[in-house]
Amino acid sequence: MNDTTATPVTRMRPPPRPVANLFGFCGYAINRFLHDDGQQRAAALTFTSLLAMVPLLAVSFAIFAAFPAYESLKGRVQSFLFEQFVPSVGAEVQGYLEQFTAQTGQLTAVGIVFLAVSAVMLLMTISSTFNRIWKVKQTRGVISRLLVFWAVLTLTPMLFGASISLSSYLFAAARASGVESVTGNLTRFAFVIPFLLQTAGLMVLYLVMPNFPVRRRDAMIGGLVAGIMLDLLKRGFGLYVTNFPTYETIYGAMATVPIFLMWVYFSWMVVIFGAEVTAALPEWRHGSRNPRQEGMTPLRKLSAALAVLNALHRASLQGETLSERRLTQTTRVGPQEQGWAAERLRKKQYITRTDKNGWVLSRDLSQVDLATLYTDLGLDLGGRLPERLRDAAWLRRFAELKTGLSASQQEIFATDLKSLLAPADPSSEPLPDEDHEEDEDGKPGFKLYARVLGLVGLGTLAQGS
């Protein structure tokens, strides 16, 4: 007899949606990193870092020397940096760099200029790398970039020294007041300080360097991811160098050089991946899943262009211009699609930038139909057919079909853009408020902020000297 008892089929439950989204986003960020040539960019930054490391240290030491109160902290800050952020070979690298920086005092004015250029080259390479990650076509002005770079070079070592000085003062005060027994357990968590420093530094880097309105929350997430990866990399790299002394066996006394190079290279890969995570977060929220701009479908391109035109049309009805941030908030499309659409529409003179770097319409939408926009975006089957195939029978039939398709498209897309984008009720679609005043660099008060930082850096150096 046949057994008619049904055997229950066990089905694997799909992973929870947050977990699936997390894995999906990680895959998207990795694909984005590979598509943007993250490894090659890290290699370029490694080479530039080697050229700029001595100039950066020389500038930092000069700042410490300008302030007698910070002079005693110079050695402690330097030792802290190399102990915490360069595993295993920090002492050797520190010794070499001390010798190199000691010679900078003998340089002529021309040599000092070349040192400064090397330091600025590193910051410019970082800025261009981040602009590529955020798909930014337009860079900042020279003055704004130089002011930010100068502020980073001058204020960072002073703030770092002040934080260590404050920590030392608090611990000394705790011992003197007899409360060391209460605060002693807190010293066990001292390892968190370097992690917080590098995470905060990465967050600021992701906010300041790209010429793009980055959300603070996205920069914080990217900085946290990169900070965790750097900490894991430091521990893993230290274990590898200690337990598998391959480089010492091959290179002997010169092993410090390749080990340090590998460490700088892997560190830059982590920093770039954190930037990819930061840039990918808004794209993921808006439904983008393809890191390749050329992979955008014609429908997505047309939708993005219409979204940009719609936002600027609504703004024109209210007599306003839209900054980069407000345009992003209004269109609600991914940064990748919006960047492509805005650049294409600008080239075809549909939109233009104002003197304050806001976006406005530059054409009367009632005089442009959807078919014209479709053609201007390069989405139709325009262009001439290959002459070398003019005798092919199939090509003649295809040409007839193409002509019929173009005629049908012209008829279907005959609606003018103003009628298509006319809001049913303008009061029901208010434009988002401007949370922060933006300047021509597309960031809240960026140029003013950069000028203030640069002047503060110059003023503090002048006061210290």
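A compact table of results
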item: Selection count, the stretch 336-350, where residues are closer than 11 Å to Lys301 by Cα and of a type in the set (Phe, Trp, Tyr); result: 1
item: Options Leu202, Leu233, Leu170, Leu186: the member that is under 30 Å from Glu283 (Cα atoms), part of a helix (DSSP H, G or I) and either modelled with pLDDT under 80 or out of contact with any Gly (no Cβ under 9 Å at 6 or more places or on another chain) (or both); result: Leu233
item: Ala341 being in contact with an Asp or Glu (Cβ under 6 Å, 6 or more places away or on another chain) and among the hydrophobic types (A, V, I, L, M, F, W, C); result: no
item: Answer from Phe64, Phe80, Phe47 - the residue that is part of a helix (DSSP H, G or I), modelled with pLDDT under 90 and surrounded by 18 or more Cβ atoms within 10 Å (Cβ to Cβ); result: Phe64
item: Failed criterion for Thr242 (all others in (1) at pLDDT below 75; (2) in contact with a helix residue (DSSP H, G or I) (Cβ under 8 Å, 6 or more places away or on another chain) hold); result: (2)
item: Members of the stretch 127-148 that are outside any helix (DSSP H, G or I) and not aromatic (Phe, Trp, Tyr); result: Lys135, Val136, Lys137, Gln138, Thr139, Arg140, Gly141
item: Hits in the stretch 364-379 (condition: surrounded by 17 or more Cβ atoms within 10 Å (Cβ to Cβ) and of a type in the set (D, E, K, R)); result: Asp369, Asp376
item: Selection count, the stretch 191-244, where residues are within 25 Å of Phe149 (Cα to Cα) and acidic (Asp, Glu); result: 1
item: Subset of the stretch 325-354 [within 15 Å of Asn310 (Cα to Cα), among the polar types (S, T, N, Q) and either modelled with pLDDT under 85 or assigned to a helix (DSSP H, G or I) (or both)]; result: Thr328, Gln329, Thr330, Thr331, Gln338
item: Qualifying residues in the stretch 103-150 (those that are modelled with pLDDT under 70 and touching a Phe, Trp or Tyr at 6+ places or on another chain (Cβ under 9 Å)) - the one nearest to Leu281 (Cα to Cα); result: Thr104
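Matching residues to (1) modelled with pLDDT of 90 or more; (2) farther than 15 Å from Gly334 by Cβ; (3) over 19 Å from the mean Cα position of the chain (by Cα); (4) not in a loop (DSSP other than H, G, I, E, B):
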residue: Tyr265; (1), (2), (3), (4): yes, yes, no, yes
residue: Met269; (1), (2), (3), (4): yes, yes, no, yes
residue: Phe273; (1), (2), (3), (4): yes, yes, no, yes
residue: Ser288; (1), (2), (3), (4): no, no, no, no
residue: Arg300; (1), (2), (3), (4): no, no, yes, yes
residue: Ser303; (1), (2), (3), (4): no, no, yes, yes
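The values are calculated or read from the model by the stated rules, or taken from the named source; none is laboratory data. Not measured: the values here are computed from a predicted model. FYI the Cβ positions are ideal-geometry reconstructions off the backbone, even for glycines, and counts take in every protein chain you see.
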